[in-house]
1. Kindly check whether there is at least one residue in the range 315-334 that is over 19 Å from the mean Cα position of the chain (by Cα) and modelled with pLDDT of 80 or more.
2. Mind checking whether some residue in the range 202-221 is touching a residue at least 24 places away in the same chain (Cβ under 8 Å), out of contact with any helix residue (DSSP H, G or I) (no Cβ under 9 Å at 6 or more places or on another chain) and over 21 Å from residue 352 (Cβ atoms)?
3. Looking only at residues that are buried (at least 23 other Cβ atoms within 10 Å of the Cβ) and touching a residue at least 60 places away in the same chain (Cβ under 8 Å) in the range 384-404, which one is nearest to residue 336 (Cα to Cα)?
4. Looking only at the range 197-215, decide whether some residue is at pLDDT 90 or above, out of contact with any strand residue (DSSP E or B) (no Cβ under 8 Å at 6 or more places or on another chain) and part of a helix (DSSP H, G or I).
5. Taking only the range 272-311 into account, find how many residues are buried (at least 19 other Cβ atoms within 10 Å of the Cβ) and under 32 Å from the mean Cα position of the chain (by Cα).
6. Has the range 240-254 got at least one residue that is touching a residue at least 60 places away in the same chain (Cβ under 8 Å) and assigned to a loop (DSSP other than H, G, I, E, B)?
7. Considering every residue within the range 404-419, establish whether at least one is at pLDDT 90 or above, farther than 29 Å from residue 208 by Cα, out of contact with any helix residue (DSSP H, G or I) (no Cβ under 8 Å at 6 or more places or on another chain) and part of a loop (DSSP other than H, G, I, E, B).
8. Residue under question is residue 225, and the condition is that it be in contact (Cβ under 8 Å) with a residue 40 or more places away in the chain, closer than 26 Å to residue 307 by Cα and part of a helix (DSSP H, G or I); does it hold?
């Protein structure tokens, strides 16, 4: 078997449609960002068509939680469909292009006729709130009162910001969990998600190898290639479960057994040792690799920190405790599953606790009150997760979603089979 270690060519992105120049003046010194094209839509499951499957068509409503954990519903005005500008703004925000989303909504408000743009106004209010732009919020509120002859939304002193880290992540970096099985079919998508997660936030990204129980040689080769690219980009990682993953890789190799299918495991194990800081283990393995394959082994990166096995064990124990604390924050209580922080670059493992909670209830109630953003990739994964619950005969209520998330869920079709309940 031959493994390609060459970088994949980047897929060119489509050009974005032009956004009309807004008539509303931005505050002094504010620069309007140009619109950018949304990411390609991920493949998601089609809604089930079997008789009796729960559906919740119609417009989102406002909600609050009672002390018993149930949703209190208050119907609010809404348009029947999203305008093209609203769809574009929701996707731009999901892709962290906030200034372009603001410009798109301002332009739509200035060009729409009559009072048919309530959702557009509410989305713009939400964006200003999330970005802590109170001056613009107050100016928009004055315009809103004149336009609609009713009270404007109220500024909240404390609110999640657009920069809130991903659920389960440290404030200084993103978090990523590898699934149990890494194969030829899924490795590229997993590494793409890791690339996005590690570039989305400053600081070292936390990666968890602890759930990996299976990896094929093609997946190992792909990880070796991508790890070299990450080093060139200067990416920093905080690994957990590294020693466990190293043991899995060691079980697949043997000194003096020169099998081409095993070489990627050797090279990946060298990368893992360097990532977790085990210099002595790296050096011993490098010698064994050179003897087995009669080639020069990779060299230790002089910038990498050297650690003892005891130090690595202590660090992994601390990281495991941090992960447990984050999992405890994203948990079900009062029959409601609550997420904390932005949901970015999600995979199936991200929603494992939600699936576990759903097994014991007939109505899956999800609280997104403390979730400022769900990105486009994560929304696609969530569609598939929720569709699995619907296929099992469960009904779904999603509460506390902000206006940008509500619009994204309508675009993705989640509002067609789940009740999406607006945050008041």
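The values are calculated or read from the model by the stated rules, or taken from the named source; none is laboratory data. Every value quoted in this text rests on a predicted model; they were computed, and no experiment measured them. Here the Cβ is made from the backbone with ideal geometry for all residues, glycine too, and neighbour counts use every protein chain on show.
1. No: zero hits.
2. At the first step, the residues of the range 202-221 found to be touching a residue at least 24 places away in the same chain (Cβ under 8 Å) are 202-221.
Imposing the further condition that a residue be out of contact with any helix residue (DSSP H, G or I) (no Cβ under 9 Å at 6 or more places or on another chain) reduces the set to 202-203.
Applying the additional criterion that residues be over 21 Å from residue 352 (Cβ atoms) yields 202-203.
Checking the range 202-221: at least one residue is touching a residue at least 24 places away in the same chain (Cβ under 8 Å), out of contact with any helix residue (DSSP H, G or I) (no Cβ under 9 Å at 6 or more places or on another chain) and over 21 Å from residue 352 (Cβ atoms).
3. Top of the filtered list is 399.
4. Within the range 197-215, none of the residues are at pLDDT 90 or above, out of contact with any strand residue (DSSP E or B) (no Cβ under 8 Å at 6 or more places or on another chain) and part of a helix (DSSP H, G or I).
5. 7
6. So in the range 240-254, the residues touching a residue at least 60 places away in the same chain (Cβ under 8 Å) come out as 240-243.
Within this subset, residues satisfying the condition of being assigned to a loop (DSSP other than H, G, I, E, B) are 241.
Scanning the range 240-254 turns up at least one residue that is touching a residue at least 60 places away in the same chain (Cβ under 8 Å) and assigned to a loop (DSSP other than H, G, I, E, B).
7. Scanning the range 404-419 turns up no residue that is at pLDDT 90 or above, farther than 29 Å from residue 208 by Cα, out of contact with any helix residue (DSSP H, G or I) (no Cβ under 8 Å at 6 or more places or on another chain) and part of a loop (DSSP other than H, G, I, E, B).
8. On the way: in contact (Cβ under 8 Å) with a residue 40 or more places away in the chain: yes; closer than 26 Å to residue 307 by Cα: yes; part of a helix (DSSP H, G or I): yes.
Criteria met by residue 225.
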